[in-house]
Amino acid sequence: MSDDIVEGEPAYGRALVFDTPEKIAGVRLLTLRAALKLEVKGIQMYRGRSVYAIIKKEFGLKGSKQSVLDQLTAILTERGILR
């Protein structure tokens, strides 16, 4: 998992459990952010619509891929999903 997750790291041999709708949504947003970081570097993570297009539509963001990544990072930090 990303080192950006607010919750503590699991002990060796133990799994992280995301068992609430809020935690599941947070992990989804972190996954979208990770995929966008790849797209900024020129790597497509998925076929079909780009993660860039999905994030722009979902959050109403505008700008380049790097700009949208920066805006999304700020939103996740503001929501307490990122440190």
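Values in this text are rule-based calculations from the coordinates and carry no lab data. Since the structure is predicted, the reported quantities are computational estimates derived from the model, not experimental observations. Note: ideal-geometry Cβ built from the backbone for every residue, glycine included; neighbour counts use all protein chains shown.
Hey, fewest Cβ within 10 Å first, where do Glu39, Glu58 land in order?
Details: Glu39 20, Glu58 11.
The most exposed by this proxy come first: Glu58, Glu39.
Starting from the Cα gyration tensor of the range 21-78, multiply each eigenvalue by 5, take the square root, and state the resulting semi-axes largest first in whole Å. Kindly include the intermediate steps, with their values, before the conclusion.
On the way: eigenvalues 58, 37, 22 Å².
Calculated on Cα positions only, the semi-axes equal 17, 14, 10 Å.
Taking 0.36 nm per intervening residue step and subtracting the Cα-Cα distance, what contour gain separates Ala15 from Val27 on full extension?
On the way: separation 12, 0.36 × 12 = 4.32 nm, distance 1.42 nm.
Gain in length upon complete extension: 2.9 nm.
Restriction of the chymotrypsin sites (Phe, Trp or Tyr not before Pro) in the range 21-83 to DSSP coil positions whose beta-carbon has at most 13 other beta-carbons within 10 angstrom yields Tyr46.
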